[in-house]
Structures are given as structure tokens and as C-alpha cells.
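The values are calculated or read from the model by the stated rules, or taken from the named source; none is laboratory data. These figures come from a predicted structure and were not determined experimentally. Cβ coordinates were reconstructed from backbone atoms using ideal geometry, including for glycine residues, and neighbour counts include every protein chain displayed.
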Amino acid sequence: MRKSSKHQNLTPLTLDITGGINLQSSPVALADNEAPVLQNWMYEKGAKTPSTRPAVTCETTTACTDEIVYLFHYTKNASTSYLMGVSDQNDVYYFNTATSVWTDTTIDVNQKPTMITFNGKLLMADGSTTLKTWDGTTPGTQSINGTIAPSMIAEIGNRVVVNDTSATGLDLVCFSKVEDETGWTFTEAGGAVSLRVGYKDGSSVVGLVKNFKSELIVFKQGDRSETIHRVNVSGAPYASSEVQWYAEFVMAGQGCSNGFCTESVDTAVLFLGRYGLSALVADEMYSELNMSAIGDAVNTLLGASGNTNYELRFLASTGQIWIIRDDTTVYIYHPHNGKYTTYFFNNNQIYSVTETSDGVYFAGDTGHLYKLDASAYRDEFSPSTYTDLTGVLKTKDFDFGPGRGLVKYLEAIFKPVTQGTNTISYLDNSKNRQTTIDTHTEAGGDLDDFMTASMDFMDSADYDFMGTDGLPWAQEIKKKWKGKRFQLQINTTGRCSFEGATAHVAILGG
């Protein structure tokens, strides 16, 4: 007797989105664990599978009349701190937690400043010949040798370090006296240090960031050139009145867009520039700095011509790096697994993000201050106005070749975080066809328990095995679907994690 061949071509497809988004290849050419779209999804610290991002809460009852272009957390001492905001009109505010409004410090800056906390004071470099200062009450200024006009400020070796935007100091890097932001006498007796980086090469110092080796990484930018240098600040800076510190050339042709687009993370220095996201990583001997291709999956977009980059910011509490550009999509890099996802905030342009002990805050063109709240399940982009937290996940696009595929069964595994819904669709991009095949709604704060729920087993939705308190549930879908191409799309509201899916596909014809 001839054995039936009805199921001989049955092929299992396993989809676990552990690879993040990949934009350098077409959806058909992706690895099975990669995705072309992960909007409003993230990877928790240490997690391999994605979950939808926390919801947004609006912290300000009244928006600033101008856009907020920069945020900084100023910690004055162990008991006092302020969340600072700078407007596009160059006014400096702090968020008043008692009244939930932006409060003007009366400090006006020349341009979007860089900030550090040093010796209990907030120091701001804004391109003027004095640092702007604030102590939580009184605005002030601090002269730097009279003529130096810094736009970048950092700290290394308990010294304040700045650049100079004046015409004669474009390659100058200046270090204050140790533990003294007022000490700028550049002599051995005075204790401050100044040195040239790429002496009069026609480019300007635009970025300063320290790495894990007590080195200052210096980014320079010219009309048609970019270079990276480093300064080792260990050891005495002077010997017999001669400056011993010096700048060492690292590489050319790479650089950051501006001083807000550099971050030191673990043993690497990350920077966002004309080629996208890159990293300088020390070799095993810690003697050389080499380029790492951490941005390959997304740099076809991040490095596209015409991009305007605003900020690169590492958030230790979430283990994420936010890549903020002139675009309503924020790219999220997860260093623990080297993967990317994206955030979308109601079509708002975000300019800056920071964190405090209370959580992650961000701001942009609306003038409001926002916070990510892991306990909420709906977004609030204006006070007391709520919208669904929508997530979109698309898997790799499978092409079944000259024949077609018959999807006979799908099981998708989720874990609930808050209440919400998920809708699963099959896509056939060869015919621009989308078919919604299952929708599941979680009830209340937890999902219904399978053992106690009242179910009609004739209803396909009741094949869903539902969990509670973060336990997984499975959506079993036995609706058949036929197409030349197969891609899974999951739309969510509320919060959940996607643990993976298994589909059984029969290959027909060919």
C-alpha cells in the first residue's frame, strides 16, 4: 500500500525574536530570530526575548511654552537633586516636583549647553567666556582664564575639562586644578593644564568623554575631516614646569556629530556620527583602541545622508542606550545582547532623555516632561489624556519559493505584564495581503486563569491557555492560511513579553 504524502512536506517554523531589528537586509533575507519591525518593544536587562516598553506618564501639569531640547540630572548632595531642562530659547529650568511645572532659574545661555555636577555645583558650558553655574538657588558665572569660551564640559581625574570655541583655541583642551573648578592658572604652581590636540589642523574639538582607563577621548571635526585622539591623565602633568600630558592620535575618518553624541559604556566609548553608531573598544592589552561594528544592523538608516543627530544617552537603570535624531522614532540599543528595538511616542519629536533614582525621563517638542512608568498600561502624552500603548512586531518574511505554503497551525507564547490586547495577523507581502487570525484580550490587571475561566471550547479564542501573575499563556490558532509568502505581525496594547511562536507549514506545489 502506498503511504500518503499528504503531510510529508510539513515544515515547522520556530520564531523567537532574540536578534532584534535588522535593517541592513530585506525582511526575506533576515535570520529567523531577527525582525524588520520592533516598534515600542525592548529587551529587559539580561532578557533574551522582547517585551513592550513601559507606558508614558505626563509629569508636568503645564507645558513649557518652548520646546525642551536638553535634560540633565543635577545632584547637589546626598539629599538634594534637580531635574534640569533647557528650552530651545536657551532658558534653563528645573522641574518643580511640588507644583509639577517647569520653574525658571533665570539663567540664560548662549546655546544648548553641556552640563556636569562638580563640587556640588551645576556647571554649564554654552560657548561664552564664562561657565554658567547654579547651586540650586543662586545663578552665577565662573571665568576660565578670561578668554576661553567652552561649549563642551566633562570631568576626569577630579578636574573639570573643557574645550575652547574661540578662534585661537579650536584645538585647545583645558583641565582645571584638581578638585577646584575655579583654578584655571595653567602653570605647575597654578595646577591647571592646557594642551593642544592636533595643532592648528583646521578642525575643532567638538566632543570630550572619559573612558575606563583614565583617558580623555577627544573628538575633532573640520569642514571635511574628522579625527579621534586620546589624552592619558594618569601621573603628574608637569615636570620641571613642562607639561607632560599630550594628545595621541587614534584614527581619522571617524567622529561624533556633536558633544551630545558620545557616551562611555563599560569598556567602550560609543559615538553617533555621519556613519551611524560606532564604538571604540580597547584591545586585550588595553593599549590600542579599535573600531567595533556595533551598529551594522541599523547603520544603513542611522548613517543615511542628511541625518541630524541630537543625542546619545546611556541609561544605567534600564541598561539601554537611546539614539535620538531628527525623527519621531527613537532607536534603542541594548548593550547586554547587542540588539536594537525602537520607541515611538505619539509622533512627538524627542530631543533628550535622562534618569534619576525615580526612573527615566524624556522631553521634546511638546514642552512637557515625560516619564516611563512600568506599572502603567496606557500612554499619557498630555495631562489626564490617555491613549493605547501600541506595539508592533513583525517577524522575518518567509518566501516559500515557486510553490505556496499552507499554515496549518500556530502557537504563540506570551507573558502578561499589565492588562491589554494582542492581535495576530498573517502577511503575504507578494500580494500585499494581511489576514487577522486571532485577537486576545487580557481582563483586568491579570489574565484569567485557565482552570477557573468559563469557556466555550467551540470558540477558537478559547484554545488560548491563559496565565496569571506573569506566567506565560499560549495562543493556539488552528485557522488555515495559504500564501506564497508568510510573515507574522503582532499588534499589542498594554504590556506583555513575546516568548516565541511555532508554526506548522505544508509546502504545496513547486
So, in the stretch 354-386, of the ones that are over 23 Å from Tyr43 (Cα atoms) and β-branched (Val, Ile, Thr), which residue ends up surrounded by the fewest Cβ atoms within 10 Å (Cβ to Cβ)?
Thr385
Going through the stretch 35-58 in order, the residues found to be buried (at least 21 other Cβ atoms within 10 Å of the Cβ) and either of a type in the set (D, E, K, R) or over 17 Å from the mean Cα position of the chain (by Cα) (or both) are Ala35, Arg53
Any residue in the stretch 433-449 that is surrounded by fewer than 16 Cβ atoms within 10 Å (Cβ to Cβ) sitting within a Cβ distance under 6 Å of a residue that is at pLDDT below 50? List the pairs, counting only those 6 or more apart or interchain.
Asp449/Thr468
Which numbered condition in (1) under 24 Å from Ala268 (Cβ atoms); (2) in contact with a strand residue (DSSP E or B) (Cβ under 8 Å, 6 or more places away or on another chain) is the only one that Leu172 fails?
(1)
For the stretch 76-113, the count of residues that are under 18 Å from Lys371 (Cβ atoms), without any contact (Cβ under 8 Å) to a residue 24 or more places away in the chain and part of a loop (DSSP other than H, G, I, E, B) equals 2
Among the numbered criteria (1) surrounded by fewer than 16 Cβ atoms within 10 Å (Cβ to Cβ); (2) in a loop (DSSP other than H, G, I, E, B), which single criterion is violated by Met291?
(2)
Before we move on, is Asn337 under 20 Å from Gly207 (Cα atoms) and either in contact (Cβ under 8 Å) with a residue 60 or more places away in the chain or under 16 Å from the mean Cα position of the chain (by Cα) (or both)?
no
Residues of the stretch 353-379 being in contact with an Asp or Glu (Cβ under 7 Å, 6 or more places away or on another chain) and over 18 Å from Pro54 (Cβ atoms), which ones?
Asp365, Gly367
Can you give me the number of residues within the stretch 135-152 that are over 23 Å from Ala78 (Cβ atoms) and either buried (at least 18 other Cβ atoms within 10 Å of the Cβ) or β-branched (Val, Ile, Thr) (or both)?
8
Out of the stretch 257-277, which residues are touching a strand residue (DSSP E or B) at 6+ places or on another chain (Cβ under 6 Å), more than 15 Å from Arg230 (Cα to Cα) and not in a loop (DSSP other than H, G, I, E, B)?
Val265, Leu272
Can you tell me which residues in the stretch 138-163 are in contact with a Leu (Cβ under 7 Å, 6 or more places away or on another chain), β-branched (Val, Ile, Thr) and not in a loop (DSSP other than H, G, I, E, B)?
Thr141, Ile153, Ile156, Val160, Val161
Check on Val243, surrounded by fewer than 17 Cβ atoms within 10 Å (Cβ to Cβ), β-branched (Val, Ile, Thr), within 22 Å of Leu172 (Cα to Cα) and touching a Leu at 6+ places or on another chain (Cβ under 7 Å):
yes
Single condition Val205 does not satisfy, out of (1) assigned to a loop (DSSP other than H, G, I, E, B); (2) within 25 Å of Gln142 (Cα to Cα); (3) not charged (D, E, K, R):
(1)
Looking only at the stretch 164-193, which residues are surrounded by fewer than 19 Cβ atoms within 10 Å (Cβ to Cβ) and not in a loop (DSSP other than H, G, I, E, B)?
Lys177, Asp180
Strands (runs of 3 or more DSSP E) enclosed by the stretch 471-510 - at least 2 residues per element that are touching a residue at least 40 places away in the same chain (Cβ under 8 Å), out of contact with any Phe, Trp or Tyr (no Cβ under 8 Å at 6 or more places or on another chain) and within 28 Å of Asn40 (Cα to Cα)
485-508
Kindly indicate the residue of the stretch 412-432 that is within 20 Å of Pro50 (Cα to Cα) and surrounded by fewer than 16 Cβ atoms within 10 Å (Cβ to Cβ) and also modelled with the lowest pLDDT among those meeting that condition.
Thr421
Any idea which residue in the stretch 304-316 is farthest from the chain's Cα centre (by Cα), counting only those that are at pLDDT 95 or above and surrounded by fewer than 21 Cβ atoms within 10 Å (Cβ to Cβ)?
Thr308
In the stretch 485-510, how many residues are under 20 Å from Thr11 (Cα atoms) and touching an Asp or Glu at 6+ places or on another chain (Cβ under 6 Å)?
4
